[in-house]
1. At a threshold of 8 angstrom on Cα-Cα distance, excluding pairs fewer than six apart, so keeping six or more, what relative contact order does segment B:12-205 reach in percent?
2. Which three numbers, in whole Å and largest first, are the semi-axes of the equivalent ellipsoid of segment A:142-220 derived from its Cα gyration tensor as √(5λ)?
3. Given the Cα atoms of segment A:280-395, and with Rh set as the inverse mean 1/r over their pairs in the Kirkwood sense, what is Rg to Rh to two decimals?
4. What average number of partner chain Cβ atoms lie no more than 10 Å from the Cβ of the residues making up A:107-120?
5. Within 10 Å of each Cβ in peptide B:43-50, how many partner chain Cβ atoms are there on average? Round it to a whole number, please.
6. Show log10 I(q)/I(0) for segment A:417-551 at q = 0.11, 0.17 Å⁻¹, two decimals, from a solvent-free Debye sum over equal Cα scatterers.
7. Please work out the ratio of the alpha-carbon Rg of the protein assembly as shown to 2.2 N^0.38 Å and round it to two decimals.
8. Between 0 and 90 degrees, rounded to the nearest ten: what's the tilt of helix A:577-593 against the longest Cα principal axis of chain A?
């Protein structure tokens, strides 16, 4: 806890907007009340989450040190800041950056906070936020005040609320956009922040804006509310109008959903009211008790898009007039208008490039990957590629100086965990590169294979199963060494990694996606990644990849090498990776990777994760129950389940959706039966009996419960069983296959918890 | 220590620059830091290891603790053993400076003696950097640097003894208030530890409880000056 905490309030008096000041004061009071035991821990947990103060790994006070589970004896003892969350345990502070837009002073503030309250690193997230880690809860009011003084809020950065409103970082300067979505995204962000209609959601709600439908920058299709800029000619007036294609109910998470079209053209004046009406319908009809089905995508799935639309439009009709719906847009148009600092120019000649004293190759690559012409002639955007989304306090200060020197402080964060500097005169690119390079921010390869996206994973996230950042760092190192010698088609592939099935690393929309799972081999828990191939990043994350096979973490670099080599050697002219994967088919892919599924038991490095020498364990996720002994029949049953699911995927691939759905359902039954047999070996193959026994032995007893997802995955089985016999569509069988994969993964985890883990 | 008697220095960082640090591989350090957690070898409660080797000029590898972090820090591309005191300490400024230096030196000694590191992490014998990681208590301005100069000189005399040294402040107002100390000839970690041996441990200082002193730096004066008020 900082010695200066009591002083910042007075120091910043008058520099913080009244509403933000009141909110932070109230939060500080809540902290005091919680410490006195006068505020319930659950209530305090949601309060702090709505201020962006999140829990971090080991905040339950237990950590495996590689030999044993250590009790972390914090000075505040058993005082909690939420269920199973100790007060002193360091936490993560998420900071909302609407549309990713920042100015130089805000970058400096972020640098100071990273240095004084965190570990010197600010992390850019896949939703254009910042995150600081290892933050003490007692420091958060001061941290929030310093942000508020720089016009940044952490309000509703976490919790069941409207999260950061993201937008294409090229909005306003992109050559392909319909129009600049920036003011609309900022207006929506301001309008929904703290809005009374958004305070009673069962789960979070994420909006996103794109300026076009063909690129990935806004990722509208995977958001709860996705807006894509559109133009049309009014049939009556003959004049061009602007508006939005509005999508709802998209989302990644454990089972990804593509957003559904709500309206093909929403006029700007209707944008905010319609969003409000959607919020009301979500708050009123969305699931509240079962948080695993509480996202709006499930509500839309249950109601159907037509019924959902009907409810929203009815709600829209009765909304009282609110002048802010148009005022906020006008204000944002004025407030966020941008212009260049320098006159337009031309790119340096090749002769000038060669004069860069040994840096010319780097500069050429940087020009190719990191710059993009703006629609305004003579200007480019420049991407500052951050390794794993991390930037130091000193680099932030340097970046701040650089954006002041070359632009009118026009910089944005991106969903690829980078920065984009906008309005750079072409004449300045060489000088800008030199300035960035001098502070380690001039790496080429933005948006390329080397620019790997990763969530925090087991490094700091308590849901993490495998080390996504460790793997990302390793792949980055290996890919960097040969990235620019590789075939052009490989250079432009995307790798995205999540530490678990929750998809914060956006693995579903990568060419090569990975998410963390665990497997038990020879009595040891072994970190693995499920390989997800063929997702589509462009077209606003146009389609999702499918899981192929789980591979030990330490073999994933070989997976990348094999797949990229095969692509280079075997692709047809102009064939995309997605199409190549589709053509190869699951059977061939699995065959290609099959020998990598089993680690050599003599190589002990496989039993620890990347960047973490501790013997791997799931114990850090929560303490599991011990049934005493390893039961080999379970492994057999789970393998059968995986096989059946694989066949389901093949069937789906060949268009046999009915068979795919049936097989996915039976794969879940196989896995459930395998677990039931641990306790009841006479269980038959009757689905009714399997489900009933599974429910009694694993669900009602909570043995199957994931430490954080609870009974979510068991419900997938129960839902599938209830719907058995009904017809499957391509979409429903696809969802069922995803759910079956997660159920099987959960069965593996449950089995790990049942058996005694062998430790070194 | 004229002018600094009531300036409270908290959250002191001490960094000991390493010898032959070019191209040193930090990877072997990770299991070493994990073993420190296993053995809880420091005064502080040790929690986790954060790996930032991928970041240019960054914090390197950090051993996260509750009261303090230890790291092999590469800020400004100067590799060193860094101690970052996070929790408030009682006592006076000299005691708190000594506590941080003692912790950094002890960590350095552990690293040097650890056979897994093949003696690759050792103090260069001459360069120590000190930072105050709190901009409100210690803004990096001329007045503050001047006011604290005697405090740092007194500490330098204590830690270096008879050895000659030079002292220079960094003057970038965006950076933390920091001072670089350099001796005219190499001094061993053991000698420095010996010079500081009367320094209290964090545990001793914690017993005093947080200091009640309020920093004499007054932002009100600064604001008045900025707005032309009298």
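Any read-out appearing in this document is the output of simple, stated calculations on the displayed coordinates, not a laboratory observation. All values reported here derive from a predicted model rather than from experimental measurement. Don't worry about glycine lacking a Cβ; one is built from the backbone with ideal geometry, like all the others, and counts go over all protein chains shown.
1. Numbers: 366 pairs, mean separation 44.7, N = 194.
Contact order relative to length: 23 percent.
2. Values: eigenvalues 130, 53, 21 Å².
They are 26, 16, 10 Å, listed largest first.
3. Values: Rg = 25.0 Å, Rh = 20.5 Å.
Ratio value, two decimals: 1.22.
4. For peptide A:107-120, the averaged partner shielding equals 4.
5. Per-residue shielding by partner chains comes out at 6.
6. For segment A:417-551, the Cα-only Debye profile gives -0.47, -0.96.
7. Numbers: Rg = 28.6 Å, N = 990, 2.2 N^0.38 = 30.3 Å.
It is 0.95.
8. It works out to around 30 degrees.
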